[in-house]
Amino acid sequence: MRDEFLAAMEPHVASTRDEPGCVFFEYHRHKNDEDVVVLIERLSRCRQTSAGS
């Protein structure tokens, strides 16, 4: 299930990384539970301000 999810997410990951203000967008797989994936996104301060308004 994890591999299917990650394959389906790949286009979204790529497009998110290309967005202005995206510092990084990563995912990490849990080493003990293959169905747990954590997504982490970091935006520049400028992007955070405009995204929240």
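No value in this document is a laboratory result; all are computed from the given coordinates. As the structure is a computational prediction, the values presented were derived from the model and not from experiment. FYI the Cβ positions are ideal-geometry reconstructions off the backbone, even for glycines, and counts take in every protein chain you see.
With both labels modelled 7 Å from their Cα along Cα-to-Cβ, the Asn32 to Met9 distance reads 2.0 nm. Working value for region 2-52: equivalent-ellipsoid semi-axes of 25, 12, 7 Å, each the square root of 5 times a Cα gyration tensor eigenvalue, largest first.
Here is the list for region 1-46: trypsin sites (Lys or Arg not before Pro) lying in DSSP coil, each with at most 12 other C-beta atoms within 10 angstrom of its C-beta, are Lys31.
Taken along the Cα-to-beta-carbon direction at a fixed 7 Å, the label points for Cys22 and Met1 span 2.6 nm.
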